[in-house]
Amino acid sequence: MLKRAARIAKFGTELAIRRPKGWKSVLYNTALAKAKIAGPLMLPAHISIEPTNACNARCPVCETGNRSMERKYGMLDEKAFQNFIDLNADTTAVLMYYFMGEPFLNSKSYDMIRYAREKDIYVETCTNGDILDAEGLIYSDINQISFQIGGLSPESHGVYRIRSNFDKITKNIEALVELRNKTPNSNVQIEIGFIVMKHNEHEVKDFISWANGIGADKANIVDPCVRDVEEGYKYLPENKQYWFYDEEAFEKGYLKPKKLSDNECTWVWNSAMINWDGSVVPCCRDPHGRHQFGNAFEQPFHEIWNGQGLTEFRNQIVTSIKDVDICKLCSGFGIPQLERSRPLNFEVQRMSFDTTPVELPDEIEEDLRRGQLQ
Ligand SMILES: C[S@@+](CC[C@H](N)C(=O)[O-])C[C@H]1O[C@@H](n2cnc3c(N)ncnc32)[C@H](O)[C@@H]1O
Ligand code: SF4
Ligand code: SF4
């Protein structure tokens, strides 16, 4: 408890000293989340916008990939996006330009990212990497891109990333690294995420070497999500280190996260999720759009953010999070990060509840010892 209080105090002090864009909102809204007060809140520093909910790939756990998506498929409209950015750029520090679907299927993505960058917004995205134009990406001036892979060979990758092309992704990453290195004013941070599953858990160490060798700035080891026990048996790794889920509950036939939130979610106090058609949902755990609180392209955003629907939703969280359908399998309750800068050297990070460090490949351990890596 004391450790947690010290961590929160450190987080607040650091923000107040550095004062990055959005710091007041993050401090204020996080304090209210910790005090279990539903609002009114300051406008959020973090916004996620969905470029499209369509995709070329067919990942079987993803609602887009397995075609169970209850929302209509469509593309974010450039004019609606620009209008939203014009009205909200002063308060938006970070734009997460992805949700369901493949961002670069939207042919206007490079222009929309650039538009947000010109309004002083930090922009990051996540992609399957199949259809990326390196020149377009450098032109967009994006800050961060994370390629997501499902294995280290076309066969292994294709077990989960169905219809995605490993060789094409590799070529696209190489082209982007090369162009970024030739473009001194590009700040783009290139990350590669490896979704650890039963079929690829033996490849984790080689993945880290591969990501380092190809010139990425960061390798992320991603714990897998599943939606039910049946999917769990199919995809969850043997090594329970990579599990978000409680093993005992799993054995009894249901899914429960290893860590449950204490009626608190700093995320939904600090961040809004906007679907391609402007509808606003609480977070990425609502892919079907079952909790919609208004339309950010049709009404002032502050009316939605502090409106009755989202306030009632936040009230449910602080009173009984266990009864909120989408929160039952939530895999993260962190405070969204505000200021980031490109790592000076190669970094490895786990996207997990588990803090056990991953075993690093020998050559990377050696470079770390010699101080050549962070
Ligand atoms: C729905 S995707 C949208 C972006 C893009 N299409 C992609 O796959 O990177 C958003 C995130 O979900 C992740 N993801 C998909 N299936 C997953 C799974 N079963 N477990 C953990 N993460 C998963 C992807 O790696 C990506 O980081
Ligand atoms: S690539 Fe992304 S959006 Fe497409 S099916 Fe896979 S996880 Fe879903
Ligand atoms: S699913 Fe998770 S992030 Fe979303 S509102 Fe619930 S606790 Fe917060």
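Return yes or no: is Glu203 more than 16 Å from ligand 1 (Cβ to nearest atom) and either within 26 Å of Tyr235 (Cβ to Cβ) or not hydroxyl-bearing (Ser, Thr, Tyr) (or both)? For Glu203, the condition - more than 16 Å from ligand 1 (Cβ to nearest atom) and either within 26 Å of Tyr235 (Cβ to Cβ) or not hydroxyl-bearing (Ser, Thr, Tyr) (or both) - is not met.
With (1) within 16 Å of ligand 2 (Cβ to nearest atom); (2) in a loop (DSSP other than H, G, I, E, B); (3) out of contact with any Ser or Thr (no Cβ under 8 Å at 6 or more places or on another chain) as the list, and His199 as the residue in question, which single condition is left unmet? The number of the failed condition is (3). Only a single criterion out of (1) surrounded by 13 or more Cβ atoms within 10 Å (Cβ to Cβ); (2) at pLDDT 95 or above; (3) more than 19 Å from Ser156 (Cβ to Cβ) is not satisfied by Lys259, namely (2). Considering region 97-123 alone, what residues qualify as being within 16 Å of ligand 2 (Cβ to nearest atom) and buried (at least 21 other Cβ atoms within 10 Å of the Cβ)? Scanning region 97-123 gives Tyr97, Tyr98, Phe99, Met100, Gly101, Glu102, Pro103, Phe104, Asn106, Ser109. In the condition set (1) part of a loop (DSSP other than H, G, I, E, B); (2) over 16 Å from the mean Cα position of the chain (by Cα), Ile317 is compliant with all but (1). Taken together, Ile138, Ile142 contain a single residue that is assigned to a loop (DSSP other than H, G, I, E, B), crowded, with 17+ Cβ neighbours inside 10 Å and β-branched (Val, Ile, Thr), which is Ile142. Taken over region 1-38, the residue count meeting the criterion of being of a type in the set (D, E, K, R), in contact (Cβ under 8 Å) with a residue 12 or more places away in the chain and in a helix (DSSP H, G or I) is 3. Note on region 124-139: residues that are within 16 Å of ligand 1 (Cβ to nearest atom) and hydroxyl-bearing (Ser, Thr, Tyr) total 2. Restricting Arg58, Arg71 to residues that are within 16 Å of ligand 2 (Cβ to nearest atom), under 21 Å from the mean Cα position of the chain (by Cα) and surrounded by fewer than 16 Cβ atoms within 10 Å (Cβ to Cβ) narrows the list to Arg58. Condition first: surrounded by 15 or more Cβ atoms within 10 Å (Cβ to Cβ), away from ligand 2 (no atom under 16 Å from the Cβ) and not in a loop (DSSP other than H, G, I, E, B). Now tell me which residues in region 74-96 satisfy that. Across region 74-96, the qualifying residues are Glu78, Ala80, Phe81, Gln82, Phe84, Ile85, Asn88, Val94, Leu95.
Tell me whether region 107-127 contains one or more residues that are touching a residue at least 60 places away in the same chain (Cβ under 8 Å), over 17 Å from Gly22 (Cα atoms) and assigned to a loop (DSSP other than H, G, I, E, B). For region 107-127, residues touching a residue at least 60 places away in the same chain (Cβ under 8 Å), over 17 Å from Gly22 (Cα atoms) and assigned to a loop (DSSP other than H, G, I, E, B): absent. Scan region 37-72 for residues that are more than 13 Å from ligand 1 (Cβ to nearest atom), within 22 Å of Leu87 (Cβ to Cβ) and of a type in the set (A, V, I, L, M, F, W, C) and the total you get is 5.
Yes/no per residue for (1) touching a strand residue (DSSP E or B) at 6+ places or on another chain (Cβ under 9 Å); (2) closer than 26 Å to Thr64 by Cα; (3) among the aromatic types (Phe, Trp, Tyr):
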position: Asp217; (1), (2), (3): yes, no, no
position: Asp228; (1), (2), (3): no, yes, no
position: Lys234; (1), (2), (3): no, yes, no
position: Phe250; (1), (2), (3): no, yes, yes
position: Tyr254; (1), (2), (3): no, yes, yes
position: Ala272; (1), (2), (3): yes, yes, no
position: Gly278; (1), (2), (3): yes, yes, no
position: Cys284; (1), (2), (3): yes, yes, no
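The values are calculated or read from the model by the stated rules, or taken from the named source; none is laboratory data. Just so it is clear, the model here is predicted, and its values are computed rather than measured. Here the Cβ is made from the backbone with ideal geometry for all residues, glycine too, and neighbour counts use every protein chain on show.
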